[in-house]
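The values are calculated or read from the model by the stated rules, or taken from the named source; none is laboratory data. If you're wondering where the values come from, they're calculated on a predicted model, not measured in any experiment. Counting neighbours? That spans all protein chains shown, and the Cβs are built from the backbone with ideal geometry, glycine included. When the accessible area is computed, the model is the full protein with side chains, heavy atoms only, and any ligands, DNA or RNA have been set aside. Shrake-Rupley method; radii C 1.70, N 1.55, O 1.52, S 1.80 Å.
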Amino acid sequence: MKRRPPLDDDNGFAQHGGYMSAKITKLEEQFNTIQSACRQKSKIFEGISIFVNGFTNPSGEELKRIMMEHGGTFHHYQRSHTKFVIASNLPDVKVRTNITRNIVKPEWISDSLKENKLLDYSKYLLYTNKNRAQPQISFKALNKNEYEVKKEEVDPFSLSLQALNDKIKDESIPEGKTGTAVDPNFLEEFLNNSRLHHIATLGSGFKFHINDLRKNHDGIFPEREILKSKLKQSEMKVESSEIVMHIDMDCFFVSVSLKKHPHLKGLPVAVTHSKGRNESEDFTSYSEIASCSYEARAKGLKNGMFVGAALKLCPELKTIPYDFDEYRKTAFILYDTIAKYTLDIEAVSCDELYADLMPLVEECKIEVMDFVTMLRQEIFDKTGCTCSVGVGYNRLQARMTTKEAKPNGQFSLLGMNVEEFMKDKKIRDLPGVGPNTAYQLTQLKIETCDQLQNLPLQTLQQTFGKKFGETLQMMSKGIDDKKLVFEQVRKSVSVEVNYGIRFNEDQEVHLFLKQVTEELSKRLKEISKKGKLLTLKLMIRAKDASKETAKFMGHGHVERISKSVQLLAATDDAIAIQTTVLKLLAAFNIPPYELRGIGVQMSKLDEEKKDNKLLEMFKKVAEKQQNAPIQERIEASPVKIRKISPVKKRGRPSKLSNADRSSNISVADMFSTKKNSRVSAKKTIEMIDPEVLAELPPEIVNEILEEYQMPEEVEEIPEIEEISEEKNDENIFLQSNWRQVTKSLIDNNESAEQIKNDAASLVRIKNIDLIYLVMRFLHRIIEECDDESLAWRENYNEIAESVQEEMQKIYKKKLSIPKKFI
DNA sequence: ATCCTCCCCTAC
DNA sequence: TAAGGTAGGGGAGGAT
Ligand SMILES: Nc1ccn([C@H]2C[C@H](O)[C@@H](COP(=O)(O)OP(=O)(O)OP(=O)(O)O)O2)c(=O)n1
Ligand SMILES: [Mg+2]
Ligand SMILES: [Mg+2]
């Protein structure tokens, strides 16, 4: 209902107002045609979706036709909602990453068709418990933790990768593959030239920078004295909790790049990789415009537009190259100039931030807009670039007024009728309203905020969902409850490449993925984080897309798929990540030549791995004041804060150099004498010196990690009442991923001792609901596996016995749990 | 009711 | 030629 087919538009020449015919994606169009073309003959397979893996009889094509004609659904790739995988045999590596309980022989389909009714698929399972002839696999292998590196398993990959590595070094790149991800230098080259990579990196860099400045700041802003003396004194009337300023550089890349091409000032200019037009009739470039000047915008140009399209609108357009290093330097000047006056800053991107000016104007007793005028002048003096500022009582108001102010202007909504101000704004100008939402709103005949204000909330929520519907209406009136977030915490890290992806061989894919995972590992290490949830994101050529894209080396029209795995322990290890990612990839079974994009993302990030305890401690201290204006923090607890940040930075904040970053460590250093910090048992892993770990071979590392998943007693003795709490933390069944951990213990045939103890302990802490679940779970998975399961059946009996024993002691009765095995 | 996975959308 | 990255918010639908 709320989800629309994605807007996907390969050639991108579709114009902005006429929200294209691409409401329905090409893919869906095709789907519809096919559906209607082949008249349905029966509904035998209604509600059944299949994916065909490998060679089958009937063939994949034939099975597809059967499904279509008889009410079923055919998936070209295995998806989460794919109900059955049809296969006659599967290579081991594929089996290991598939749930085998839904792998069914193709005969299921053909026999069902013959009988003209849906037969019981369980008789056609490719892998059953009785089916010992089949390679043993399934549950164990599936749930065996993915990151785990066992020599026997990994060798095939690592060997072939090594071989390929050497081979590629010696040999030239295959025919027609220069400039693709097959080239071993591609990733580096691509990242160096990708503007989107640069702005993303700068963006998170500045978020970090602000955190860093705030943590190392003493709460004194000497530069405010200058404001007090230079600007007219005036009293503020307080009628809001925030005075929000939004500041954004005007056509940032263009302004900066123009400094080296001054003769082009005043002309329509765009920053792009393309050299522009050589011939008079050359409107074909699919190079993207990162930023265009306001003269160019007057002709209808927009950031992100293709050069060819832009030239059609503005044939006299001049293009200038990127200057990434200069963007970085300029952005630092922007941030550091503002940081002299306040650190109540929410970083948005390299050319844009919000600041809460309330504490500043209250202290200095100055007019907000006087400060803004002075600030903009200072930024211009230092950078030679103009910026614009909007001011309002919330972030939305500030954001909207910046648009109004641009270029090179400022605008305040304070004391104005906000609802009135919003009325003539186009819905597309609301932050959060992109092409899709705008299209859906125009379908509702809504084009301005005025109309949006008057639309019944119910209608909006029907189309956009409860939450977003309400947000939309609030926004249309200029209301926005979201407070600024000064200290932002990263929740994920990813490396994605959706350009130049043209492979022929699996090994080429593997080799590229290796580089991608190494890059990911590098980035995790840079910010001292480890992650527990690993996601592989792929872009696959859409069925109807031509093999060659309109845009050179682009991805074209694609289908996006992703798959994630929970790791047993957080990791940043390149090998561990790579191994897991290769398995995820194998599970999709995509022919290499159909890939158009590859990304690897790590989320569920743990706390900082180094000085973990110290940082956690720091957070505890700073927790309450976390998002408070910097000055209030000091007032609330001057002693503590001084202790945390003895390193004073007066006057001009320094650039974010390596030296500066490492100075952050001094925060942690301060705690190095405090030993009584309480560490959650889960994090015991972090007690191993990371440097030591890094020296060890990855297999060993993972073994150690595995060990530490079941930590021994914590070395430091916490206060008495905390002991029991901590011990409970160690109970595997009290971990959120206890199912996974338990499976892994069983699959690896580890000792049942801990399971037994922890299960009994559950009874002691009277967590009966959980012990009930646990016992049922144990029974089920032990029943499902065979082989070693004899031992585990006995283990189960023992565990059950010990649980019942505790039950008797505490409750004087037995728990109704699955019966013992015989 | 709450969680998880696999998306989609938006922004710069 | 061209360098379509990356993070966060959130919804649908299934599992628990
Ligand atoms: N599709 C986009 C949008 C932005 N950027 C880069 C180039 C921009 O200069 C910079 C900042 O983005 P803004 O949205 O702030 O746009 P500009 O600064 O270029 O223009 P404006 O004056 O509207 O802020 O990010 C980009 O590469 N591709
Ligand atoms: Mg800008
Ligand atoms: Mg901006």
(Q) What's the whole-number percent of alpha carbon pairs in the range A:261-322 lying beyond 17 angstrom? (A) 25 percent
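Treating the beta-carbon of each Lys and Arg as +1 and of each Asp and Glu as -1, no other charges, what is the dipole magnitude of the range A:207-305 about its Cα centre, to the nearest 20 debye? Intermediate results must be reported in sequence, preceding the final value.
On the way: 16 positive and 14 negative charges, 52 e Å.
Dipole of the range A:207-305, to the nearest 20 debye: 260 debye.
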Q: Net charge near A:A181: determine it from the other residues with C-beta under 11 Å of the C-beta of A:A181, scoring Lys and Arg +1 and Asp and Glu -1.
A: 0
Q. Given the protein chains as shown and a 1.4 Å probe, how many square angstrom of A:E594 are accessible, to the nearest 10?
A. 30 Å²
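Taking 0.36 nm per intervening residue step and subtracting the Cα-Cα distance, what contour gain separates A:H197 from A:E447 on full extension? Kindly include the intermediate steps, with their values, before the conclusion.
Numbers: separation 250, 0.36 × 250 = 90.00 nm, distance 3.33 nm.
Computed gain between A:H197 and A:E447 is 86.7 nm.
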Q. Gap in Å between the Cα centre of the range A:459-502 and the Cα centre of the range A:264-313?
A. 30 Å
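Students often get this wrong, so check it: of A:K756/A:K812; A:K329/A:K482; A:K563/A:K604, which have C-alpha atoms separated by over 24 Å?
Values: A:K756/A:K812 20 Å; A:K329/A:K482 30 Å; A:K563/A:K604 15 Å.
Over 24 Å apart, Cα to Cα: A:K329/A:K482.
Summarise the accessible area of the range A:427-476 (1.4 Å probe, protein heavy atoms) by the percent that is carbon and sulfur. Before the final figure, lay out the partial values.
On the way: 1270 of 2470 Å².
The computed percentage sits at 51.
How large is the charge dipole for the range A:261-322, taken about the Cα centre, if only the Cβ atoms of Lys, Arg (+1) and Asp, Glu (-1) carry charge, to the nearest 20 debye? Mind showing how you got there, number by number?
Values: 8 positive and 6 negative charges, 45 e Å.
Value, rounded to 20: 220 debye.
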Q) So what are the ³J(HN,Hα) numbers for the range A:494-501, from phi and the Karplus equation (6.51, -1.76, 1.60; θ = phi - 60°), rounded to whole Hz, Gly and Pro as x? A) 9, 10, 10, 10, 10, 9, x, 7
Q. Karplus couplings for the range A:222-231 from phi (6.51 cos²θ - 1.76 cosθ + 1.60, θ = phi - 60°), rounded to Hz, Gly and Pro as x?
A. x, 5, 5, 4, 5, 4, 4, 7, 7, 9
Q: Can you tell me the equivalent ellipsoid semi-axes for the range A:199-256? Use √(5λ) from the Cα gyration tensor, largest first, whole Å.
A: 28, 19, 15
Q.
Leaving ligands and nucleic acids out of the surface, order A:R764, A:R793 by accessible area at 1.4 Å, largest first.
A. A:R764, A:R793
Q: Pull up all non-local amide H partners of A:R596: gap of 5 or more, or a different chain, and H-to-H distance under 5 Å with H placed in the peptide plane.
A: A:M539, A:I540, A:R541
Q: Determine ³J(HN,Hα), in whole Hz, for all residues of the range A:351-359 in sequence, where each value follows from phi through the Karplus function 6.51 cos²θ - 1.76 cosθ + 1.60 and θ = phi - 60°; x replaces Gly and Pro.
A: 10, 7, 7, 10, 9, 8, 8, 3, x
Q. Once amide H atoms are built 1.01 Å from N in the peptide plane, which residues 5 or more positions from A:K318, or in another chain, come under 5 Å H to H?
A. A:V269, A:A270
Q. What is the Cα centroid distance between the range A:334-368 and the range A:507-522, reported in whole angstrom?
A. 41 Å
Q. Roughly how much of A:K117 is accessible, in Å² to the nearest 10, using a 1.4 Å probe?
A. 110 Å²
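Equivalent-ellipsoid semi-axes (√(5λ), Cα gyration tensor) for the range A:427-476, whole Å, largest first? Display every interim value, and only then the final one.
Numbers: eigenvalues 36, 26, 23 Å².
Square roots of five times the eigenvalues give 13, 11, 11 Å.
Between A:D111 and A:D424, 0.36 nm times their residue separation minus their Cα-Cα distance comes to what?
Working: separation 313, 0.36 × 313 = 112.68 nm, distance 6.42 nm.
Going from the current span to full extension adds 106.3 nm.
Where Lys and Arg each count +1 and Asp and Glu each count -1, what net charge lies around A:V485 among other residues with Cβ under 14 Å from its Cβ?
Values: positive: A:K207, A:R214, A:R395, A:K482, A:K483, A:R490, A:K491; negative: A:E242, A:D344, A:E346, A:D356, A:D480, A:D481, A:E487.
The answer is 0.
Please compute the net charge surrounding A:L317, taking Lys and Arg as +1 and Asp and Glu as -1 over other residues with Cβ under 14 Å from its Cβ.
Values: positive: A:K275, A:R277, A:R297, A:K299, A:K302, A:K312, A:K318; negative: A:D282, A:E288, A:E295, A:E316.
After counting each charged neighbour, the total is +3.
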Q) Long-range amide H contacts for A:V85: which residues qualify at under 5 Å (H placed 1.01 Å from N, peptide plane, sequence gap of 5 or more or a different chain)? A) A:F51, A:I103, A:V104
